[in-house]
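Below is one structure, written out as structure tokens; the observations come after it.
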Amino acid sequence: MRTDERHRLIGDLLRGRERVTVDELAAACGASGATIRRDLDVLARHGVLRRVHGGAKSLLFGGENPEYAQRELEENAVKKRIAAGVAALLKDRSHVWLDSGSTATEIARQLQQREMTIMPMSLRAVSVLTADSEAGCRPELLLPGGSLVPGEQSFRGPMTEANIRSLRFDTAVVTPCAVTLQDGLLAHDLDDAAVKRAGLESAGRVIVACSGSKWNASAVALVAPLDAVDAVVTDRMFSPDELAQLDRYSVKAMIV
């Protein structure tokens, strides 16, 4: 098992358990105890878990909002499919507002060599979009300014919101923390919700990118109802009733 595969498995196990031992992880990963201990040290430095004697303790047990390092390990294949789906909906030479988060970073990877103008809401996406790559097109970037959230490296605050609202985008790509058919798009905190709302309200078209695990998840801050959305890219398989509800909101669903 590769290192990244072990890290994802360890992260998955700690989402549903408060604590795991080195021996349990070694058996699950088919690795030595020394290898698992090195993995746990790396993941602890990145804020995924807390090292304790003989194993690791979850930072998520009890329903807290997962940190970026934890989310980056999860649903990697799903996020790649969602990112490819979003990229297919975006036109060259368009102006795009791109939300923050691990899914948004994956979308940025899909747009590395696209001819468009992008305002990314995190330094992680900025890093991806400015990384050295083969010769070819490269998007122009607009940076919003404002404050940076540690760990997330995402832009927040009144300056960020004002700079977003001073522009008009062809498309806003929103990556909500949760989605429900009743409430619409949700975020885990008011500052994040305010930035998402500014991006959404400054665009002619809104694409929501979210994995199936975000549907009917728990979050406290309302961003916008679903009638503000034009399309959703997700791996969730909707029931006929859910598709009918989306149709009433005039939301196009792309299942990836």
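Annotations for the structure displayed:
- Accessible surface ranking for 140, 161, 1.4 angstrom probe, highest first: 140, 161.
- Within the listed set 202, 32, 102, the residue fluctuating most in the Gaussian network model of the chain (springs between alpha-carbon atoms under 10 angstrom) is 32.
- Over 24 Å (Cα to Cα) - which of 80/252; 79/252; 57/79 fall in this group: 57/79
- Protection-proxy order for peptides 226-238, 117-129, each taking the mean of Cβ atoms within 10 Å per residue, highest first: 117-129, 226-238
- Length added when fully stretched, residue 45-residue 76, from 0.36 nm per residue minus Cα-Cα: 9.1 nm
- Within the chain: Cβ-based charge dipole about Cα centre, in debye rounded to nearest 20 (Lys, Arg +1; Asp, Glu -1): 360
- Per-residue ellipticity at 222 nm computed for the chain from its helices equals -11500 deg cm²/dmol, with DSSP H segments shorter than 4 residues left out and the rest contributing -39,500 (n - 2.57).
- Sequence of 170, 247 when ordered by accessible area, the most exposed leading, probe 1.4 angstrom: 247, 170
The values are calculated or read from the model by the stated rules, or taken from the named source; none is laboratory data. Being a predicted model, the structure only gives us computed values, none of them experimental. Methodologically, a virtual Cβ is constructed for each residue, glycine included, from the backbone with ideal geometry; neighbour enumeration extends over all protein chains shown. Note: accessible area is taken over every heavy atom of the protein model, side chains too, but ligands, DNA and RNA are not part of it. Shrake-Rupley method; radii C 1.70, N 1.55, O 1.52, S 1.80 Å.
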